[in-house]
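The block underneath contains the structure these notes are about, expressed in structure tokens.
Read-outs throughout are calculated quantities, based only on the coordinates presented, and are distinct from any laboratory measurement. If you're wondering where the values come from, they're calculated on a predicted model, not measured in any experiment. Ideal geometry is used to build each Cβ from the backbone, glycine not excepted, and the neighbour counts take in all protein chains shown.
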Amino acid sequence: LVRTYWRKREMKRNVALIILFALVLATYSCAPMFERPRAGVQREAIVPPPVDPSLIEERLNTITKALQRQDLSTTERTVLYSLQGVYQGMKTQPSALNERQYHRDAIRKLFYGLSSLEDLYLSRRPQLGPEGKSAIGVFCEKTDEILDAYLSGNYKAVIDQCIELKKNFGPDALTPEIGLVFALSLAHQGMVKDAIAIGEQIANKLQTRPDLVILRAHLAQWHLKMGDKEGALRNYEKLEDLLDERERVRKKLAASLVPIPMTTAREQTREIEPPVNPVENAPETQEAAVIPLNQFLAQIQNLIQDRKFEKARDLIKRRRHQTTSREELEKLSEAIKEVDAREDEFLQERISVLSEQSQVLGEAESLIEEERYEEALSKLSLLSSESVDNVELSRLKNSAITGIINRERNKAARLFLAAKNCEDQEKKERYLRSCLEILKSLVDRFPASPLIYKVKDHIQRVTMELEKLG
């Protein structure tokens, strides 16, 4: 009975649970669908640009002007285009919703722009490290090599290294000291015109600087102040040697200019000239000496056109001491600046020409070493007539001509030997005439060569052999 009771009770509980579950399910199935309220359309807030647009526009204009230059390398042009894209991207104002993507794009463009700049900078910057050298170290090393080459008499090396120094470090690399040995080496190599052009500018710079004579004189005085008479005497003797050397140079130059000493000539001129009344002739002399400014400036322009920069500079300096007009002094200052600028331009042109000549001479020398003598002569013929006195040019021409003559003489010698060993009279005559034709062509092509006298001796021997054949 107890078991039956618990079964009925458990059955009633299960029925109650089933009815409750059915009611809950019916309630949810009849309830209306729940919908979330739609969010209203948000207005896009405009984020102000992080950089002033006027500054961005200024940078873009600068890059646009730079891209118009014709001397840009491919790498430089690529970097400028990359930076241009970065700046143009900065002009765009992102919305609040697109701000994240805007920042991603900006970072990507900046990365590529900075990477390009870094590559360009590192490619042009000299490598530094345990074995690397700074630009100043390289410059000092090159200048020492130039001075050593000059002291050893290797003037061609001085010229080549000065040109290379200017190419690597710019025109200011030719300091007065280096320019001095550069001009002297040009003169030693027969390039007197270029030596004058560079030497006059260097002399104008050195004239304003203390020289070795001043230093020796001061050293002697300093030793005396320190009570060192021996040191003072030593510097005094070296000073005397310097002055004696300068006096010898002056006398040699004076003898080249006039057959009599210049001091004697001045004294004789003063004795011959009649006395001048300074009161009567002073106004006329002043008018003759000081010409109108416009006419004077025209003379300066003519001197500039004639490349007489030193003379133009001296006339301007003399004129400045003769005037007190502020307006005229300003025009004279502008004139001397123009003289300096035009002289610098002319020197850069001449150094560029010397660089091209040096390159041609190097190529010709390589051709001669390869026994391509005709090509070497053709290469040397490209040089201007101004280089006719160039020692290196003359040496290479003579070397190429000597190579051609020796080569053709060897051909003629082989033909002559073949004729001597040939029994056939007809072939023998043909060999001899071919030999004679080669030798005569050498005389016609290179009549001034020192080897031509040997060629003429060979011609006589070949002619005698032909006469024997009848």
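Across segment 442-459, rounded Karplus estimates of 3J(HN,Hα) from the backbone phi angles (6.51 cos²θ - 1.76 cosθ + 1.60, θ = phi - 60°) give 5, 5, 5, 7, 10, x, 8, 6, x, 7, 5, 5, 5, 5, 5, 4, 5, 4 Hz, Gly and Pro being marked x.
Applying 1/(1 + (r/R0)^6) with r as the Cβ-Cβ distance of residue 102 and residue 71 and R0 = 25 angstrom yields a FRET efficiency of 0.10.
Applying 0.36 nm per residue to the separation of residue 120 and residue 168 and subtracting their alpha-carbon distance, the gain on full extension is 15.5 nm.
The label point for residue 395 and the one for residue 322, both projected 7 Å from the Cα toward the Cβ, are 4.8 nm apart. Lys and Arg at +1, Asp and Glu at -1: add these up for the other residues within a Cβ distance under 13 Å of residue 381 and post the number. Taking every other residue near residue 381 into account, the sum is -1.
Multiplying the residue separation of residue 372 and residue 240 by 0.36 nm and subtracting their alpha-carbon distance yields 42.0 nm.
The stretch between residue 382 and residue 152, if pulled fully straight at 0.36 nm per residue, gains 79.8 nm over its current Cα-Cα span. In terms of its C-alpha gyration tensor, segment 135-262 comes out oblate, because a/c is 1.5 or above while a/b does not outweigh b/c.
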